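Heads up, the thing below is written out as structure tokens.
The values are calculated or read from the model by the stated rules, or taken from the named source; none is laboratory data. Nothing here was measured: the structure is a model prediction, and the numbers come from that model. Cβ atoms come from the backbone with ideal geometry, glycine included; neighbour counts cover every protein chain shown. All accessible areas refer to the heavy atoms of the entire protein, side chains included, with ligands and DNA or RNA removed. Shrake-Rupley method; radii C 1.70, N 1.55, O 1.52, S 1.80 Å.
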Amino acid sequence: MDALPDHMRPERSFQGFILALQRFWAEQGCVILQPYDMEMGAGTFHPATTLRALGPKPWNAAYVQPSRRPKDGRYGENPNRLQHYYQFQVIMKPSPANLQELYLKSLAAIGIDSAVHDIRFVEDDWESPTLGAWGLGWECWCDGMEVSQFTYFQQVAGVECAPVAGELTYGLERLAMYVQGVDRVYDLNFNGREGAEKVTYGDVFLQAEQEYSRHNFEYADTAMLFEQFKMAEEACRKYLAAGWREADNHKEHLMALPAYDQCIRASHVFNLLDARGVISVTERQSYIGRVRDLAKACGEAWIHTETGRAV
Amino acid sequence: MPELLLELFSEEIPARMQAKAADDLRRMVTDKLVAEGLVYEGAKAFATPRRLALTVHGIPARQPDLKTERRGPKIGAPDAAVQGFLKATGLNSLDEAKIQKDAKGDFYIALIEKPGRAAIDVIAEILPVIIRTFPWPKSMRWGARSAKSGSLTWVRPLHSIVATFGLETEEPDVVKFSVDGIEAGQTTYGHRFMAPGAISVRRFEDYEAKLKAAKVILDPQARKDIIVDDAKELAFAQGLELVEDPVLVDEVSGLVEWPVVMMGSFEKEFLVIPDEVIRATIRNNQKCFVVRDPKTGKLTNKFVLTANIEAPDDGKTIVAGNERVIRPRLSDAKFFYETDLKTKLEDRLPKFEQIVFHEKLGTQAERIKRIEKLAAEIAPLVGADVEKTKRAARLAKADLLTEVVGEFPELQGLMGKYYALAQGEDASVAAASEEHWKPQGPTDRVPTDPVSIAVALADKIDTLAGFWLINERPTGSKDPFALRRAALGVIRIILENRLGIGLRGLVTDHFKNSFGKEYIDVVDTKNDWKVADIADQLMAFFEDRLEVQLREQKARHDLVEAALSAGSLVQGHPLVPIVDRVEALGRFLDTDDGRNLLAGTKRAENILRIEEKKDQLAYLEAPDADLYQTEEERRLDATILATQSEAREAVSKNDLAGAMSALAKLRPAVDAFFDRVKVNDDDPNVRKNRLRLLNEIRSATRAVADFSKIEG
């Protein structure tokens, strides 16, 4: 780390911060993936977590996932609420016995020393009704601030995890703000340079926050979105139906991933509709249930694929 | 005698589960020990965020030997039976068996001696079973072993087990067992950050001391004491006072193994927010305590946090970090509060038309209308101003739609009061916002202001009436709409304010006035009930709740029954006199007059029961004075006549003491009658007349209570 130029140090730059986490987890044997190329509400939706958490084969991965929460947009006016932000996601299957220690070391790698900071594991049971998933774990607190989620997946997409995977999710902006000592997300130093060369988080994302807030709350085309939800749902079912094959003595599935893409799409479209306020309380439950049904069917397909099934 | 040390070391156990888990561990291990004949002297269990620990001392080194006798076949039984007996008992031949005689003949008896096993071996069998069946509210699987079914589940991953057994004076032995690959041993670990190394322990004494040296305070009570004492001390040093919060102390002590208490502060400008909102913000989100100025009783801009480490910079970084988190939280709270103040409570009401209260009971707006109507009806009965009561009922729930209550539901009602006062409402109208939710539980206070009383009663009675009408009633342990609590609330409000309200009439009127034809029709056609039946059933529910409530206050169950028999809620009687009657009865029966009258009445009733059964008729007619043979009969008749009317009159004036002393006058005449008069006279007419006289005793006492329901 000493060889790092100043502008790449995790406490100086947002990008350096991300790179430090990637390097740390690469050293733990994780494959470092790039973000999934679809809009999604959280890093957990990435097939590298949702689908790879299923089945007996070991899997260790880490990646940044841009996360879209249309409802959380504040037109760029709130110091820490964003409709688009980054999550850093780590998944390790099976969960290693020293996952908590690894997590604490990863904090040290981004400049949070557990000898000076008060790090706590506070009960938080995680459940995603849209993914048909649940797990037990904690919110990880640093000096009273929630900085990560730590979950031992018990079930994903309606399928029992065997073995269990451990999942870590870091809220990157919030952690970087803490490490850089800024109170407003848009003031984060993005590239670690100073003066004329400095690029802030605001330079990169403020306009986007304003524009997407307008879009999410006021202008998103709801007629189109309702249609898109239906189309994604139908496509997902179609691909799932088409993917099943009878192989010697067992069933297998040949199109779980493309089908799951449509489930991701349906979920994001639902989030947009929800932000537009056009889904009533009772309808809400039924939409969530429809996405969950897709997720479960995709999980069922996945455990019949080459990568997902028992050897 | 030897002692057992057990520690289950895991990843962080949720704070709210720790106390019960420690208790469960102690109970399960000691129950098993006793069941195995290992009677111990004492046991104590502890929990920290990362470990459950148990020490049991005074365990015998061995189980006692067990001697049992087993009865075999008769002498001369077929060989197959004899062989079976030998095989089952392990005897080599019948020579080793005893012979026992009984009425049916001579039998072989085998004496089986089962030597007791070493306690450590028994414990090694007990512990893995307890660990595998431990009753965590939620447990999980983890790691590579979770690939297979039947892997160990625990609240969070279990890492190591300490289990030692032995005498104080000797090096103890490790209790040898393993659970899903975890071998029990003598190694534990210190504080996660300050002393993470392995520690070798022998028994509880050095275990607790070594943990302390490794920055772990094992005893939750000791951690609580440190937190409370240090927090008070810190506040006191600044001339301030800690706002005590035992629930928060419980939780925080379950989040740290080494509590380090520190004080932080926030900007004074946030003190414009109501104290309760500041406290909720700091407490719920940050698990920190707030501090008040003892002179004003108001909060100051300080808070107290509990860290889990002693940091080399004396915690400066930790305090600064917590301050940085609290600031935006308070900033949000201030924004919510100020936003709320911009909208008048009544302007929020139309939104309730969109919010369903219950699909069969309409919207919140409809419910508020019903409450308003009922509250207006109750108002004159409790001395409340009708217009103020209506206004209070209309506004009482409006704060449910505010930002602050959305964020902190526990502040419902209180915020309504603040917002009502801010918009210039009358003080009792504003107070009703908070008070009408009360009492929330058996120990919560009840409203006393008449306006609050009227709204609180209307709110609860509407809830009960509505759910009774749609047949959603509590069953067994299920009470999703907290109807038992609502009923108890009504009872306590009426009793503690001594309100002369007739519940049944109120409920019947409410059904008719507020629930319209659609409900009544549905009820009638689908369930074949009439409104009157539903009112009866609801009153019976109130009576059940009343009995539970009185039993909690140690009132005698039989007296409650006796009082209800003389005038019940179902029959439309008001509540207060029923309870007064129970109390007066209790006092009366503590006197000689009371006890003797009860004995006399019971005697009369017993005789009547027997004779009425024999004769297959009830002696209900008045006795004929011409048939009296003795002075005692005539005196009893006259006394009954006098006391009965006196007692009835006293009861009608709610003068229970007067009624009891009237009844007391019966006693000498009853006693004299039983002393000198034979009821079953040879002359059938005299006998019949005397039985009728006995019936007069029964009906005279029934003016006050049904004495037959009283025990003793």
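Here are the numbers for this structure:
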| quantity | calculated |
| --- | --- |
| A:Gly144, sole failed condition from (1) in contact with a Ser or Thr (Cβ under 8 Å, 6 or more places away or on another chain); (2) within 9 Å of another protein chain (Cβ to nearest Cβ) | (1) |
| Selection count where residues are more than 14 Å from chain B (Cβ to nearest Cβ) and buried (at least 18 other Cβ atoms within 10 Å of the Cβ), scope the range A:150-175 | 4 |
| Residue satisfying all of: in the range A:117-141; open to solvent by 30 Å² or more (accessible area, probe 1.4 Å) and within 12 Å of chain B (Cβ to nearest Cβ); farthest from the chain's Cα centre (by Cα) among these | A:Glu123 |
| Odd one out for B:Thr639 among (1) within 34 Å of the chain's Cα centre (by Cα); (2) under 17 Å from B:Ala669 (Cβ atoms) | (1) |
| Single match in A:Gly29, A:Gly73 (criterion: farther than 16 Å from A:Tyr170 by Cα and surrounded by fewer than 18 Cβ atoms within 10 Å (Cβ to Cβ)) | A:Gly29 |
| Matching residues, the range B:343-361, being open to solvent by less than 80 Å² (accessible area, probe 1.4 Å) and either over 29 Å from B:Trp468 (Cβ atoms) or touching a residue at least 12 places away in the same chain (Cβ under 8 Å) (or both) | B:Thr343, B:Leu345, B:Glu346, B:Arg348, B:Leu349, B:Pro350, B:Phe352, B:His358, B:Leu361 |
| Which numbered condition A:Asn191 misses (of (1) open to solvent by less than 60 Å² (accessible area, probe 1.4 Å); (2) not in a loop (DSSP other than H, G, I, E, B)) | (2) |
| The one condition in (1) within 9 Å of chain B (Cβ to nearest Cβ); (2) in a loop (DSSP other than H, G, I, E, B); (3) buried (at least 16 other Cβ atoms within 10 Å of the Cβ) that A:Val182 fails to fulfil | (1) |
| Which listed residue, of A:Leu54, A:Leu99, is within 27 Å of A:Met255 (Cβ to Cβ), touching a residue at least 12 places away in the same chain (Cβ under 8 Å) and open to solvent by less than 10 Å² (accessible area, probe 1.4 Å) | A:Leu54 |
| Flag for B:Glu323 being in contact (Cβ under 8 Å) with a residue 24 or more places away in the chain, more than 25 Å from B:Ile217 (Cα to Cα) and either more than 8 Å from every other protein chain (Cβ to nearest Cβ) or not in a loop (DSSP other than H, G, I, E, B) (or both) | yes |
| Residue check for B:Phe289: touching an Asp or Glu at 6+ places or on another chain (Cβ under 7 Å), within 14 Å of chain A (Cβ to nearest Cβ) and crowded, with 17+ Cβ neighbours inside 10 Å | yes |
| Residues of the range B:652-690 satisfying the condition of being surrounded by fewer than 21 Cβ atoms within 10 Å (Cβ to Cβ) and among the hydrophobic types (A, V, I, L, M, F, W, C) | B:Ala657, B:Ala664, B:Ala672, B:Phe674, B:Val677, B:Val679, B:Val686 |
| A:Pro94 surrounded by fewer than 20 Cβ atoms within 10 Å (Cβ to Cβ) and under 21 Å from B:Lys138 (Cβ atoms) | no |
| Qualifying positions in the range B:71-100 - touching a Phe, Trp or Tyr at 6+ places or on another chain (Cβ under 8 Å) and open to solvent by 30 Å² or more (accessible area, probe 1.4 Å) | B:Arg71, B:Lys74, B:Ile75, B:Leu94, B:Lys98, B:Ile99, B:Gln100 |
| Flag for B:Leu255 being hydrophobic (A, V, I, L, M, F, W, C), crowded, with 18+ Cβ neighbours inside 10 Å and outside the structural domain of B:Leu52 (by TED's automatic domain parsing) | yes |
| Among (1) within 14 Å of another protein chain (Cβ to nearest Cβ); (2) in a helix (DSSP H, G or I) - the single one B:Asp313 does not satisfy | (2) |
| Considering residues of the range B:586-621 that are small (Gly, Ala, Ser) and over 38 Å from the mean Cα position of the chain (by Cα) only, the residue nearest to B:Asn680 (Cα to Cα) | B:Ala604 |
| Close pairs from the range B:269-285: first among the polar types (S, T, N, Q), partner open to solvent by 30 Å² or more (accessible area, probe 1.4 Å), Cβ under 6 Å, at least 6 apart | B:Thr281/B:Arg329; B:Asn285/B:Arg329 |
| Residue within the range B:602-624 that is surrounded by fewer than 16 Cβ atoms within 10 Å (Cβ to Cβ), among the hydrophobic types (A, V, I, L, M, F, W, C) and within 16 Å of B:Arg702 (Cα to Cα) present | yes |
| Test: residue in the range B:4-22 that is in a strand (DSSP E or B), out of contact with any Cys (no Cβ under 6 Å at 6 or more places or on another chain) and either within 14 Å of chain A (Cβ to nearest Cβ) or open to solvent by 20 Å² or more (accessible area, probe 1.4 Å) (or both) | yes |
| Residue under evaluation B:Asp681, criteria (1) modelled with pLDDT of 85 or more; (2) closer than 15 Å to B:Arg595 by Cα, criterion not met | (2) |
| The one condition in (1) acidic (Asp, Glu); (2) open to solvent by less than 70 Å² (accessible area, probe 1.4 Å); (3) more than 24 Å from B:Lys390 (Cβ to Cβ) that B:Asp340 fails to fulfil | (3) |
| The listed residue being closer than 30 Å to A:Ala115 by Cβ, of a type in the set (Asp, Glu) and not assigned by TED's automatic domain parsing to the domain that holds B:Trp468, out of B:Asp347, B:Asp293, B:Asp332, B:Asp313 | B:Asp313 |
| Yes/no for B:Arg26 being over 30 Å from B:Ile309 (Cα atoms) and either at pLDDT below 95 or open to solvent by 10 Å² or more (accessible area, probe 1.4 Å) (or both) | no |
| Some residue of the range B:392-412 being surrounded by 15 or more Cβ atoms within 10 Å (Cβ to Cβ) and on the phi > 0 side of the Ramachandran plot | no |
| Checking A:Glu246 against (1) open to solvent by 70 Å² or more (accessible area, probe 1.4 Å); (2) in contact with a Leu (Cβ under 8 Å, 6 or more places away or on another chain), the condition it does not meet | (2) |
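Every residue, every condition in (1) of a type in the set (A, V, I, L, M, F, W, C); (2) within 38 Å of the chain's Cα centre (by Cα); (3) more than 14 Å from every other protein chain (Cβ to nearest Cβ); (4) assigned to a loop (DSSP other than H, G, I, E, B), yes or no:
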position: B:Gln100; (1), (2), (3), (4): no, no, yes, no
position: B:Ile112; (1), (2), (3), (4): yes, no, yes, no
position: B:Ile120; (1), (2), (3), (4): yes, no, yes, no
position: B:Ile130; (1), (2), (3), (4): yes, yes, yes, no
position: B:Phe134; (1), (2), (3), (4): yes, yes, yes, yes
position: B:Ser146; (1), (2), (3), (4): no, no, no, no
position: B:Arg156; (1), (2), (3), (4): no, yes, no, yes
position: B:Ser160; (1), (2), (3), (4): no, yes, no, no
